[in-house]
Structures are given as C-alpha cells and as structure tokens.
Amino acid sequence: MPDEETDLCSQIKALKEQLEYHKKQLEYHKENDVLTQIYNKSTFYRKTAELLQKRVNYIIICIDIEKFSFINALYGNKIGDEILHYLAGHLKNSLEGEAVIGRISGDIFAVCLEERQQKIFLRFLLKHPCR
C-alpha cells in the first residue's frame, strides 16, 4: 500500500504541475497575439490606459502595412505571417520595456510610449526604413 500511495501522490503532483503550466499558457494567450507574440488588441488598450493614468505626455503610433492583402495573395499566408512576425519582433526588440506594443488587427500594429521616449522610436525607424 505505501508504494501505491507514493505513486498516487506523485501522479497528483504531476497533474498539479501540468495544471499550473496550462494556466500560465492560458493567461499568456489571453493577453498576447499568438502569431506575433506581442500584446493583442484588448491588452494593448488596457496597458495604454494604465500608462495614461500616470498623466504623462504620450504618443501613439499606428503602423498599417499598405496593400498587405496583395502580399498574402502573391506569396501566400505563410510568407505574410512571417512578415508580421518579423515586424513585431523588430518592434519588440527595439522598444521593449520602453513602450506598449500591440497588434490591433491583421496588419495593423500600435505603439504607445511616453513623449520623452519618441527618440527611441525614431532611431528604430532610421534603422529600419520603409522601402
């Protein structure tokens, strides 16, 4: 019997660990866009509202990829997804900790940052100009 109890306790512990892992995954997916790994629309709005509560000057930048549907039509959704993921990664790596970054919809991204941090964003744009 003691071996069975130990076995049962081990199984319960493993199930609790799995449950905790899945709770964390669920929370992450509730707040983040699955494709781009940045905030989704609702989390972007909530985090931006929190920033505005601090009563600091801020700027909001909207990035809309022109004619993105043509990219999907010509090269396929996989390439389109890679482009979205690439852009989000560059925004996140260049601005993380300095800005609230989110994917608002398909090919629309938004960045909210304190006005004093706009130089960081301008440096990002200079490093990654549109072509």
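For the reader, a short list of remarks on this structure follows.
- Residue match in region 94-102 (condition: assigned to a helix (DSSP H, G or I), over 13 Å from the mean Cα position of the chain (by Cα) and surrounded by 17 or more Cβ atoms within 10 Å (Cβ to Cβ)): yes
- Checking each residue in region 1-59 for being assigned to a helix (DSSP H, G or I), more than 23 Å from G102 (Cβ to Cβ) and of a type in the set (A, V, I, L, M) picks out L8, I12, A14, L15, L19.
- Given (1) at pLDDT 90 or above; (2) part of a loop (DSSP other than H, G, I, E, B); (3) loosely packed, with under 12 Cβ neighbours inside 10 Å, number of the condition K78 does not satisfy: (2)
- Some residue of region 38-49 being surrounded by fewer than 10 Cβ atoms within 10 Å (Cβ to Cβ) and under 20 Å from the mean Cα position of the chain (by Cα): no
- Among residues of region 96-112, those that are out of contact with any strand residue (DSSP E or B) (no Cβ under 6 Å at 6 or more places or on another chain) and either of a type in the set (K, R) or at pLDDT 75 or above (or both), counted: 3
- Residues (over 13 Å from I104 (Cα atoms) and at pLDDT 85 or above) located in region 27-46: E27, K30
The values are calculated or read from the model by the stated rules, or taken from the named source; none is laboratory data. Just so you know, these numbers come straight off a predicted model, no measurement behind them. Cβ: placed from backbone, ideal geometry, glycine included. Neighbour counts: every protein chain shown.
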